[in-house]
Amino acid sequence: QNREAILFREVFLEAVEKEKDGLLATHKAERERLMELEHREILRQERVEHWYRDQCHMLEQGIQAERRERKHDRREHEEEVRMISREQSTALKRDRKVLLDRINHQEEAEYIRRMGPAKVTAGLICEVTKLIRT
């Protein structure tokens with residue numbers, strides 16, 4: 001009976017050892033499978049992160065290009081406003097001079113009309129005489 005017990009024990013321990021080896025192999029395979037899954041997940045997350053980073057970079061570049069374009073457009077608009085302002089100022093000065101010349105001419109004509117022909121003729125003779133003397 002002792003021999004049977006020893007034999008049973010050896011068979012039992014051998015079966016336990018095989019089961020243990022099987023469990024360790026299964027555990028090792030499962031751990032490797034999980035590590036592979038984790039590695040794939042890390043790679044997937046890195047790809048997603050890279051994609052989002054690229055998208056953000058493209059958006060930033062688009063925003064910067066839009067800002068440059070708006071700045072350029074604003075400068076062009078400001079230059080147009082300055083040019084129009086200069087043109088309007090020049091036109092206003094010209095129109096003002098024309099108007100003042102007309103007013104002066106009308107005032108002079110009115111003054112000459114009020115003087116009467118005799119005074120005008122005498123004034124003209126005086127002016128002509130001064131011009132001849134100089």
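The values are calculated or read from the model by the stated rules, or taken from the named source; none is laboratory data. Note that the coordinates shown come from a computational prediction; the quantities given were computed from them, not determined experimentally. Counting neighbours? That spans all protein chains shown, and the Cβs are built from the backbone with ideal geometry, glycine included. The protein model used for the area step is the full one, side chains on, heavy atoms only, and it has no ligands, DNA or RNA in it. Shrake-Rupley method; radii C 1.70, N 1.55, O 1.52, S 1.80 Å.
Data overview
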| quantity | calculated |
| --- | --- |
| Single condition Thr134 does not satisfy, out of (1) among the hydroxyl-bearing types (Ser, Thr, Tyr); (2) modelled with pLDDT of 95 or more; (3) exposed (fewer than 10 other Cβ atoms within 10 Å of the Cβ) | (2) |
| Count of residues meeting criterion [of a type outside the set (S, T, N, Q) and open to solvent by less than 90 Å² (accessible area, probe 1.4 Å)] in region 7-41 | 14 |
